[in-house]
Amino acid sequence: MSSEYQIAETLDVKGASCPMPVVQTKSAIDDLAEGEILEVVATDSGSMSDLDGWATGTDGVELLEQVEDGDVYKHYVEKTA
């Protein structure tokens, strides 16, 4: 989980529903340097598939891991370019 990664920033999107977790993640990733990792903390179960789909279709980002922790979903996204 997060102990494996050196987190540059944590984005709290708890309470936000589609498409806001993806929109806010894109904005936060844009502010990071290449190689930095963003932790996204969400409560929308749809964020699991939404962020996976966004990362798969977006150049310059890689979804490293997604973790379901009760009602909280954590996503680890690396800016690769």
Exercise. What figure in square angstrom, to the nearest 10, would you give for the accessible area of THR25 with a 1.4 Å probe?
Worked result: 0 Å²
Problem set entry | Loop sites in region 13-81: trypsin sites (Lys or Arg not before Pro), DSSP, at most 15 other Cβ within 10 Å | LYS14
Exercise. Considering only protein heavy atoms and a 1.4 Å probe, what is the carbon-and-sulfur percentage of the accessible area of the chain?
Worked result: 44 percent
Exercise. Roughly how many debye, to the nearest 20, is the charge dipole of the chain about its Cα centre, given +1 on each Lys and Arg Cβ, -1 on each Asp and Glu Cβ, and no other charges?
Worked result: 180 debye
Problem set entry | For region 30-81: Kirkwood Rh in Å [reciprocal of mean 1/r, alpha carbons] | 11.1 Å
Seminar exercise, completed: Expressed in nanometres to one decimal, the distance between label points 7 Å along Cα→Cβ at SER45 and THR58 is 2.4 nm
For this session: Label region 1-45 by shape, choosing from rounded, prolate and oblate, from the square roots a ≥ b ≥ c of the eigenvalues of the Cα gyration tensor; if a/c is under 1.5 it is rounded, and otherwise prolate applies when a/b is larger than b/c, oblate when it is not.
Result: oblate
Seminar exercise, completed: Rounded to the nearest 5, the percent of antiparallel DSSP beta bridges in the chain equals 75 percent
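The values are calculated or read from the model by the stated rules, or taken from the named source; none is laboratory data. Keep in mind that this is a model prediction, so the values were computed, not measured. Cβ sites come from the backbone with ideal geometry, for glycine too, and all protein chains shown count toward neighbours. For accessibility, only protein heavy atoms count, side chains too; no ligands or nucleic acids. Shrake-Rupley method; radii C 1.70, N 1.55, O 1.52, S 1.80 Å.
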